[in-house]
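*Asks:* Below are the structure tokens for one structure; questions will follow.
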Amino acid sequence: MPDDEYWMSLALEQAALAAEAGEVPVGAVIVRSGTLIAAAHNQRETAKNAVRHAEMTVIEQACTVCGGWRLEDCELYVTLEPCPMCAGAAINARLKRVVYGSAEPKTGSCHSVVNLFSLPYPYRPICVGGVLEQACTAHLSAFFAARRQQKRPVRAGVLFALERVLWDTPPQTAVMRNGVALSSPTLLPLNQPQSIQKTSTPTMIGHSPDGQLFDGTEAMLAALQGRYELYLVSDSRTDTLEAFWQACGLRHYFSGIETTERTGRSLADNIRLVMKRHHLTHAVYVGTAESDRIAAQTAGRPFIYAAYGNGHPKSYQAIIHTPSELLNVLPSLLPAPSPTT
């Protein structure tokens, strides 16, 4: 004779039908003397009816088959612990047994929140929980994970490497601070912010310590601001970056700056951190060096190669030769942001 797991597997088939219909995947069957007499699944959304839980519908079907409201020789199998309404219906129908799969910590009324079957009613079904629990829980978890993803607004971001992507600095020069060589964005003369200039040609500027903003960078950032979230991902010192934004007038375009110094985080870690901290669903990383490409690949983000720098990445999802070209590249790599973002 089939056992509890067999009948619960049939209830799981009903739960799958509920999920296909966009309903919370709860399925139920009723068995009488070893024979299946009713099967149903959650239909609240389809019927637009609060009482159309799987248990309520399957009890109604069983009453029709049995020709009466008393189901004393019947057993109910349901993939989720019944709520107060359904547990009450099981009591009123005088079911012999109620067998469920997953516990329901919010509304479960067989064990989790309250045990209605333990109260001194004239008739109380035998209750068994945890049958095929993992399979029942997996159905529910997958359904709600997919629903959360569907409801999650698209928050798309562009993550920039600073050096030779937004501004140009000589790669041959390094600054020592406390005996540690810092990357060339720190070459910005903090006491001479006016030394930052715009350059009409995206070429390196030799050994000069003055940073130059690439021509078209400001316009590109201004155009992107209303469409995407913009972030700088760098391993340079925060105070230097602050001075850079103040000096070149771009700080208001950026809603966040993440740094790796003193944290031990890698560039890939920082890309992931920006994604998580700012709830981005999609992002690209724009850089010039092989280390940028590796970081983007490690973080699972598309890499855009700014070919006007001096790096030589082995592969990339897109290539730009001037900052303004980024405007044409992004639509193919990032979805359109949700109106609410």
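The values are calculated or read from the model by the stated rules, or taken from the named source; none is laboratory data. Because the structure is predicted, anything quoted here is derived from the model rather than measured. We place every Cβ from the backbone using ideal geometry, glycine too, and count neighbours over all the protein chains shown. Note: areas computed on protein heavy atoms with side chains; ligands, DNA, RNA excluded. Shrake-Rupley method; radii C 1.70, N 1.55, O 1.52, S 1.80 Å.
*Asks:* May I ask for the net charge around Ile126, where only other residues with Cβ less than 11 Å from the Cβ of Ile126 are counted and Lys, Arg are +1 while Asp, Glu are -1? It would help to have the intermediate numbers written out before the result.
*Replies:* Numbers: positive: Lys96, Arg97, Arg124; negative: Glu75.
Result for the neighbourhood of Ile126: +2.
*Asks:* OK, next. First compute the accessible area of the range 103-144 with a 1.4 Å probe, then give the percent of it belonging to carbon and sulfur atoms. Can you show the working numbers first?
*Replies:* Details: 1560 of 2560 Å².
Whole-percent figure for carbon plus sulfur exposure: 61.
*Asks:* Based on the Cβ-Cβ distance of Thr137 and Gln317, what FRET efficiency does E = 1/(1 + (r/R0)^6) give at R0 = 45 Å, to the nearest 0.05?
*Replies:* Values: r = 38 Å, r/R0 = 0.84.
It comes to 0.75.
*Asks:* Here is a follow-up. List, largest first, the extents of the alpha carbons of the range 78-170 along their principal axes, each in whole Å.
*Replies:* 87, 21, 18
*Asks:* Stretched out fully, how many nm does the piece from Glu13 to Val128 gain, at 0.36 nm a residue minus the Cα gap?
*Replies:* Values: separation 115, 0.36 × 115 = 41.40 nm, distance 1.97 nm.
Full extension from Glu13 to Val128 adds 39.4 nm.
*Asks:* Further question: Answer with one residue from Ser112, Ala62, Ile91: the one whose Cα lies farthest towards the positive end of the charge dipole of the range 18-153, charges on Cβ with Lys, Arg +1 and Asp, Glu -1.
*Replies:* Value computed over the given set: Ser112.
*Asks:* In nanometres, what is the gap between the two model label sites at Ala21 and Thr46, each 7 Å from Cα along Cα-to-Cβ?
*Replies:* For the pair Ala21/Thr46, the computed spacing is 0.2 nm.
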